[in-house]
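Structure first, commentary second.
The values are calculated or read from the model by the stated rules, or taken from the named source; none is laboratory data. What you see is a predicted model, and the numbers here were worked out from it, not measured in a lab. Counting neighbours? That spans all protein chains shown, and the Cβs are built from the backbone with ideal geometry, glycine included. For the accessible areas, the whole protein counts, side chains as well, though only heavy atoms, and no ligand, DNA or RNA atoms are used. Shrake-Rupley method; radii C 1.70, N 1.55, O 1.52, S 1.80 Å.
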Amino acid sequence: MLKKRLASAAVLLTVVAGGLVATSVPASAAPNYQLPFPCGQKWRLNTWDASHAPSLDMVREPQSETEGSLLVAPASGTVNQSYEHSDAGHMVQIDHGGGHFTTFIHLQSRDVRAGDRVTQGQTIGRVGHTGRTANGTPHLHYEQGYDANGDGSASWGFEGAERVKAVFDGKAYGPAPGGEWRNVESRNGCKRRVGNSVTGDSFTDLLAVDAGGTMRLYSNNFARDDGQPWGSAPREVGHGWGGSTRIIPADVTGDGFTDLLAVDAAGTMRLYSNNFVRDDGQPWGSAPREVGHGWGGSTRIIPADVTGDGFTDLLAVDAAGTMRLYSNNFARDDGQPWASAPREVGHGWSGSTRIIPADVTGDGFTDLLAVDAGGTMRLYSNNFARDDGQPWAARRVRSATAGAVRLGSSRLM
């Protein structure tokens with residue numbers, strides 16, 4: 001067992017009115033933490049006993065490859081501690097904003113200093129077994145923390161510290177003692193599929209709905225048909241879509257296959273999950289299910305991965321030009337993608353004739369391109385990870401001519 005207890009002047013219990021400061025529930029949402037290792041690596045996670053939980057000890061699968069393994073930032077933030085501790089060995093702590101922290105101890109080496117700005121997936125050191133409490137066994141001692149007392153840091157390394165349960169890619173590990181998870185695969189830095197791929201091959205397909213409500217799939221065969229993306233004949237993939245006032249393509253379930261969201265005249269939204277690989281190539285063979293009401297009041301509904309977690313969020317703009325973000329919590333709220341209340345993320349959007357979601361800056365977060373009546377295009381860079389969860393705190397102006405493409409179908413997705 002790799003449990004440990006740190007006792008040093010550098011690690012102190014905070015006492016107020018004769019008692020320990022209790023860890024409170026975080027007031028702001030935690031970042032979308034990913035496992036602190038490169039994409040595809042598999043690790044074993046253990047909470048051990050009550051004095052160790054909810055912190056985790058991590059060893060690589062196979063364990064013999066643990067020593068010297070690359071350690072990367074689980075989310076963007078600023079390094080606020082980086083030094084060699086007598087018991088913990090080489091350690092790093094990152095401030096992710098909003099009171100959220102992560103701490104890494106027993107490192108073989110450190111690649112960052114206090115004050116450095118880091119992005120998710122950036123190398124911060126290597127796993128080792130430094131420090132007395134490592135017991136000579138290579139592993140990473142990892143903690144997610146919350147600054148409950150507001151002193152600008154999160155205490156770590158001992159029972160009663162400001163530690164909270166660890167969550168990676170929307171899944172919680174612990175905090176109960178004795179937990180063990182084998183072969184947990186890192187999604188940190190993994191490339192995400194882009195575009196609306198119905199077939200899941202990373203090439204954007206087209207869906208066309210005619211006046212009778214019949215939907216046809218134009219599969220993208222760009223790589224197979226001499227650069228002709230839709231050289232093959234389309235095929236019918238559904239009927240009765242004429243009753244939907246809006247049909248929104250979006251990867252709601254995060255599996256890389258584009259689902260459909262349909263809104264009817266009453267404002268009810270239904271999710272048609274894409275079961276292409278399960279239902280003999282029929283992408284929406286299963287019955288839909290309701291995932292929301294009241295969408296009739298939105299003049300625009302824009303699918304976009306605003307939070308950078310690989311799940312498509314929704315941006316809704318009302319008649320007054322107010323934009324609200326509906327974060328996709330599919331993996332956390334029992335398959336309910338938008339169970340949480342929305343929050344306002346901007347005003348004045350009614351002046352835009354078009355709002356186009358696109359990862360312009362290539363950082364994995366969806367930016368917005370807004371075109372006004374005069375044809376001027378403005379780029380709203382997504383600064384979600386940098387500006388305390390405000391995705392569009394700044395903007396840049398670009399000029400462009402806004403063209404239009406029209407085909408014989410009444411809708412294209």
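Worth a mention:
- The convex hull of the Cα atoms of region 307-371, projected and averaged over all directions, covers 4.7 nm².
- Counting heavy atoms of the protein chains alone, ARG187 has an accessible area of about 110 Å² for a 1.4 Å probe.
- Taking each residue as 0.36 nm, the span from THR268 to ASN149 lengthens on full extension beyond its C-alpha to C-alpha distance by 38.5 nm.
- Other-chain or far-sequence residues with amide H under 5 Å of VAL72's (modelled H): PHE37, ILE124
- A 1.4 Å probe, protein heavy atoms only, puts the accessible area of TYR272 near 50 Å².
- Spin-label zone in region 30-51 - amide nitrogen under 18 Å from a point set 7 Å from the Cα of ALA176 along the C-beta vector: 45-51
- Inter-label distance, nm, simple model (7 Å from Cα along the C-beta direction), THR123/GLU67: 2.0 nm
- Label sites at ARG300 and ARG216, each approximated as a point 7 angstrom past Cα along Cα to Cβ, lie 3.0 nm apart.
- In region 26-128, one over the average inverse separation of all distinct C-alpha pairs is 14.1 Å, which is the Kirkwood hydrodynamic radius.
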